[in-house]
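What follows draws every value from the coordinates through simple rules; no lab data is involved. All of these numbers come straight from a predicted model, not from anything done at the bench. Here the Cβ positions follow ideal geometry from the backbone for every residue, glycine too, while neighbour counts run over all protein chains shown.
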Amino acid sequence: MKELFKKGLIGLGAVLGLSSCGGSDAGIGSNDPFCQQVIPAVETFMAEAREAHPIPDEPRYGGTVVLGTIGDMPDGLNSAVSSNYTDAQHQQFVGLMTLINYDAGGEPRAYLAEDWEVAPDGRAVTFHIRQDVRWHDGEQTDAHDVAFTYEAVTDPLTAFPNAAFWDHYVKGPDGVEVVDDFTIRILLEPHADFMDPFRTLGILPEHLLGDVPRDQLKLHPYGTQCPVGNGPFVFAQHVPQDRWVFEANPAFPEALGGRPFLDRYVYRVIPEQTTLLTELLIENIDVYIAPRPDQAQQIIDNQNLELLNFSGRSYVFVGWNARKPQLADPRVRRAITIGTNRAEIVEAILQGYGQVANTGVPPFHWAYDPGSMPSLAYDPDGARALLEEAGWQDRDGDGVRESEDGTRLSLSIKYNTGNQQRQDIAEIMQQQLSAVGVEVQPQVVEWGTLLQQINTPDLRDFDGVVMGWVVEFKLDDIDLFHSERINQPYAWSGTDNGDIDRLLEELSITADRTEAMALWREYQELLIEEQPYTYFYFPDRLEGVNRRVKGVEMDARGEWLNIKDWYLDPASR
Amino acid sequence: MTRYIIRRLLSAIPLVLGIATIVFFAVNLAPGDPTLYFLSPGMTQDVIEQMRINFGLDQPVHVRYLRWLGAMLTGDFGHSISHSRPVLEVLVDFLPNTLILSACALFVAFLFGIIIGTIQAVRQYSIMDSAMSVVLLFFYSMPSFWLALMLILTLSLFARNVWDLPIWFPASGIVSVDYDFLTFGEKVRDRVMHLVLPTLSLALVLTAGIARYMRGSMLEVIRQDYVRTAKAKGLSEAVVVFKHALRNALIPVITLVGLYIPVLFSGTIFIETIFAWPGMGRTIYDAIFIRDYPLVMAGTFFFASMVVVANLIADVLYAVIDPRIRYE
Amino acid sequence: MMEPMLRVQDLRTYFFTDQGVVKAVDGVSFEVNEGETLGIVGESGCGKTVTSLSVLGLLPEPPAQIMAGSSVKFLGDEIIGADEGRMRNLRGNKISMIFQEPMSSLNPVYSVGDQIAEVLRVHRRMGRKEARDEAIRLLDEVGIPAPDRRVAEYPHQLSGGMRQRVMIAMALSCEPKLLIADEPTTALDVTIQAQILELLEELSLSHGMAVLLITHDLGVVAEVCDRVVVMYAGQVIETGTVNEIFTEPAHPYTRGLLASLPSVTNSGRRLNSISGTVPNPVDWPRGCRFRERCPEAGDGCEEEQALVTLESAGRSSRCCKTEAVNLTGAG
């Protein structure tokens, strides 16, 4: 017996000891041949760069910041194939560079492109690329990289997820002209916010990915195993589902601020929000991305922490399937909206961290102007009146209205598992709408199955669905409401309205903001009248930050916005 | 004995294949497929179709099954859709973490369970016996994820922020952020510190069951004649209990090893999520939702194999502990 | 006269249960002299096993309790109330015990060699090899063939008789002065029984070891015992030498026992039996406990019966009908 026990202990000890030897290094030693070639080149160049650009003797330099969030970055820095918000943030601000980015006012300013010109007829934009940017393996970043990236994302084989970006651009090699090594011209049809895609698109290295067949880009190891970028931070390590480690890039152009203050930035994946909060409170992580509203108070109460709060780029709504007979009449949809006390729901769910939404134009957007349109306040009497007018009455006294032909006004509202907020919305609607004679049945569906049910054009198996949507600075609802896209996945509402079509088309090409403003107003009023969705709220983005991290700016442009300018309080290091 | 083991392993192969087949069809026939997750505005049907072809999803189910089977038999587990890496690499990354956690939890659970059960039996009806029963029942009734959160709250958050204890445990991860900069000794300590809370969360629930079983078994054994003989030989109580009684009492408890391994694996999903432990449980769970078929299949295949192996180990342990059992 | 090896005086072992107090051993006294074989005989439930377990302190203390006033002296030293350390020193070493069921009395998961060697290593501080060799020698001494092979075998691989021999080897290993044998042959075949009894006799002689043999079988008593103690309902009701008991039983119960032995000469006739059953130990009847079943019961039997010494010191009887020679009687 003692023998067995001793052996067990020894075995356990051996396992622990051995695992201490390796283990954490998984990810650095990627087995992929591509990465095995690429990584040494990066190491060599970085060693040289560290020599050439010693760390300035200034107290702000140094230290590691640890950031925690609930998901890993599925496609990493591969900007040609990723659709995830966090991936995009790291492509824009951490590892890669975009041609431009926006200032606080939402105006484009130079970044990788030091200058640009728009042709007078608006059909071309020429970018002048900086000449002092190097990839982390030492190669020069130039117009060929931009050309390659552009061609890749406009190539259908790549399956670039935000294909709508390029709706009015000339796609493929025909749309891009390399004038010289540092000048590139891109061809387009004039349209609104045409610069926005260049704010989000991280430029990829042509010398590493140029030969990869386009349909293989999605599965290429570059994105998550050895992304070689040119941004302020250099990829050091990725342990899947655990962490990413980035190190400061000493060769980052001085004109753009040079080497970041931080030595290291660690991105930790922690799937459980309670654990994230705990880690923030015990100061194991410095930044907690997107805590829940009910966690905010604990962050505020803690003296070492600060709660940042800004209006985000997303909104939550209930999408109505107008193809169903009960929902075909816009009056019914409007009645549902005003029969729901949305202000109360928002207060309850978001605890004040957000605003009621009436359309899909979020507060950060320049066209946001809620004062100028109907507010759809809670009005149960008004709802009842509208329903009566639309021919829905409770003919048999069971509390639920029927139409003339006997169809009951009974709706299912679907929402996905694991999302308490969406469940709350569905359930509160059920309760509130029963007072106006509408029967609502909340139905929870697993995410993948739900997507299939609502996105499959022939299927559209839902009445209402609680959904969220994230927008860019360029707002375009074409995929949602244009009748030509009615058989594409995102046309949940099945809207077929000529006026809306016209406005959507005009809005997408009207570049002048004053002109566009009037159109936006008209469009939003129409949207309110048509009510394809019951919009609920624009949630604020909350962030928990340890006060020792200084210089943090976060707003609708993103959380990682100025990570290259973050520094640590020297006393805390 | 060796022949017995080989026979058991051979007969396990059709079992595991059968399980894998069932899982294959269950997952593949569920509504939805991986392309759903890559959907975004402006993506047209043909782009989606292209993606499907890239993932090999354009074939009918039975064709995909046969191709999968053929590939697997040659050791090719395919390419993970959600990780963009060969499935085998993904498994190699995550499986050890789960195995370490499971092994530690099993070890701790059996260690505590056996000791507590023995003490309870030897001191039956004493206050200690009753107190332990209450405590064990408490842990047995708690879901492991609740226990995990409570442990984090008390031993991590409160220990540091509220009670100012000299030792507090990290709330997540397998190693700390600056692991690579530690000395070897510090590295071992770091790993152990990170293992404590997840292991306890998994083990405490199992401990109760094992202790209960052990107590009953031990009570029976203590009444046996050979225990009286041992005492009549002038052996100390410790030797009588831990040498003579214990080994006999352990025999039925060994069954639990085989039974608890699957329980452990399913429990790790919660624990791995709460503690941000990059393990196989979480990976397969995520893979199911994202319909990463190759990964789900390979993961299931491995789990099924491990359950089979665990049961085999339990059977071998019987023979080791009880000389009356001999296999041909 | 030499001090008796074991002197038990007024031993009372009561069991405190939910049903009441079971006075299993209710004032038992006897002596075992050096080198002699004393048999304690009686039917099941009379308290003979509890007596033997009380001597070595092997009863679980919560339900059982050895009452104050009891005395067990081994080699002149009182061992009732001795601490565990002293008792452990005695058990297996100076006083050994073997039990009725050799299969269940041996630990099934350890080899017989290990179990014998264990005693040697604990009490005689032998090293592993030395103890093993000694175990082999002991196995040989108790008559097990091929002991060097047998030593590594497990109890389930041996026959009943061989297991009992192993138990004896184990008990002998430290040259105890007293061997308590609780029904050592009851579970064995008759032929094996004879072999074991012979072995015990031999060993008792060769080692100068006293044996306290507990049995319900008068045949066994006749075979190996020097003196006999007859117990009934928790009390000693007759003592004497084997000869005395068998030729001139003093107590009606003893007479009944002897009469009910099947005999070759009596074949064909119905077996005699003692009518009735042993009274309920929770509630011993007042007066003579055998009264209900005694064919000779009469006046005086309703009083508590004293154990009266008869013609010699070791001869006594607890029956008022027996002629008393010496009226001073031991308690």
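Things worth noting here:
- Sorted peptide list for A:163-172, C:20-29, criterion being average Cβ within 10 angstrom, highest first: C:20-29, A:163-172
- The residue B:126 and residue A:344 beta-carbon pair, evaluated with R₀ = 56 Å, returns a calculated FRET efficiency of approximately 0.45.
- Across chain A, the relative contact order, built from alpha-carbon pairs under 8 Å that are at least six residues apart, equals 18 percent.
- Rounded, prolate or oblate (a/c below 1.5 giving rounded, otherwise prolate when a/b exceeds b/c) for the range A:314-539 by Cα gyration tensor: rounded
- Each of residue A:483 and residue B:142 was given a label point 7 Å from its Cα along the Cα-to-Cβ line. The distance between the two points is 6.2 nm.
- Expected 222 nm ellipticity per residue - DSSP helices of 4 or more, -39500 (n - 2.57), all of chain B, to 500: -23500 deg cm²/dmol
- Straight-line reach from residue B:187: taking Cα to Cα under 27 Å and skipping same-chain neighbours fewer than 8 places apart, the lysines in range are A:6, A:7.
- Over 21 Å [Cα-Cα, the range B:88-321], rounded percent: 63 percent
- ³J(HN,Hα), Karplus 6.51/-1.76/1.60, whole Hz, each residue of the range A:82-91, x for Gly, Pro: 8, 10, 7, 4, 5, 4, 4, 4, 6, 5
- Neighbouring Cβ atoms from other chains, within 10 Å of the Cβ of residues in B:151-157, number 3 on average.
- Projecting the Cα atoms of A:385, A:31, A:489 onto the dipole axis of chain A, where Lys and Arg carry +1 and Asp and Glu carry -1 at the beta carbon, places A:31 farthest toward the positive end.
- Taking each of B:243/C:23; C:23/C:48; A:414/A:474; A:218/A:474 in turn, the alpha-carbon distance tops 23 angstrom for B:243/C:23; A:414/A:474; A:218/A:474.
- Over all orientations, the range A:430-573 has a Cα convex hull whose mean projected area works out to 13.7 square nanometres.
- Ellipsoid equivalent to the range B:42-113 - semi-axes via the Cα gyration tensor, in Å: 37, 16, 11
- Each peptide in C:226-237, C:182-193 was scored by the mean count of other Cβ atoms within 10 Å over its residues; highest first, the order is C:226-237, C:182-193.
- Potential lengthening between residue C:77 and residue C:284 on full extension [0.36 nm per residue; Cα-Cα distance subtracted]: 71.3 nm
- Cα Rg, Dmax (largest Cα-Cα span) when computed across the range A:146-258, Å: 15.8, 44
- Partner lysines for residue C:94 [C-alpha distance under 20 Å; skip if fewer than 8 residues away on the same chain]: B:231, B:233, C:73, C:177
- Residues with amide H under 5 Å from that of residue A:365, placed H, sequence gap 5 or more: none
- Placing unit charges on the Cβ atoms of the charged side chains and taking the dipole of the range C:109-193 about its Cα centre, the candidate lying farthest along the positive direction among C:170, C:158, C:185 is C:170.
- Prolate/oblate/rounded label for the range C:228-318 (Cα gyration tensor, a/c 1.5): oblate
- Relative contact order %, the range C:35-185, counting alpha carbon pairs below 8 Å whose residues are six or more apart: 30 percent
- Per principal axis, descending, Cα span of the protein assembly as shown in whole Å: 145, 82, 61
- Lys, Arg +1 and Asp, Glu -1 on Cβ, resulting dipole of the protein assembly as shown about Cα centre, debye, nearest 20: 6420 debye
- Between residue A:179 and residue A:396, the modelled label-to-label distance comes to 7.3 nm, taking each label 7 Å out from Cα in the direction of the beta carbon.
- Charge tally in the Cβ shell below 14 Å around residue A:187, where Lys, Arg are +1 and Asp, Glu are -1, residue A:187 excluded: -4
- The relative contact order of the range A:314-539, computed from alpha carbon pairs under 8 Å that lie at least 6 residues apart in sequence, is 35 percent.
- For a label point 7 Å along the Cα-to-beta-carbon line of residue C:124, residues of the range C:159-179 with backbone N under 14 Å: C:169-177
- On the basis of the beta-carbon distance and an R0 of 51 Å, residue B:2 and residue A:328 show a calculated FRET efficiency of 0.10.
- Label separation (residue C:191 vs residue A:115): 11.9 nm, computed from points 7 Å beyond Cα along the C-beta direction.
- Size descriptor for the range A:100-209, Kirkwood hydrodynamic radius: 14.3 Å (Cα pairs only, one decimal).
- Descending by average beta-carbon neighbour count within 10 Å, the peptides A:273-284, B:199-210 line up as B:199-210, A:273-284, the highest first.
- Mean per-residue shielding of peptide B:172-185 is 5, counting Cβ atoms of other chains within 10 Å of each Cβ.
- Extension gain, residue A:189 to residue A:34: 0.36 nm times the residue separation minus the Cα-Cα distance gives 52.0 nm.
- Global geometry of chain C, whether rounded, prolate or oblate, following the gyration tensor of its Cα atoms and the 1.5 cut on a/c: prolate
- Per residue, chain C reaches -9000 deg cm²/dmol at 222 nm when only DSSP H runs of four or more residues are counted, each adding -39500 (n - 2.57).
- Chain A - mean residue ellipticity at 222 nm from DSSP helices (-39,500 (n - 2.57) per run, n ≥ 4, rounded to 500): -9000 deg cm²/dmol
- Counting, for every residue in B:62-68, the Cβ atoms of other protein chains within 10 Å of its Cβ and taking the mean gives 0.
- Residues listed by number, the range A:213-242, amide nitrogen under 14 Å from residue A:157 label point at 7 Å toward C-beta: A:213-219
- Modelled FRET efficiency - R0 22 Å, residue C:19 with residue C:277, Cβ distances, 0.05 increments: 0.80
- Linear extension gain, residue B:158 paired with residue B:182, 0.36 nm per residue minus alpha-carbon span: 6.0 nm
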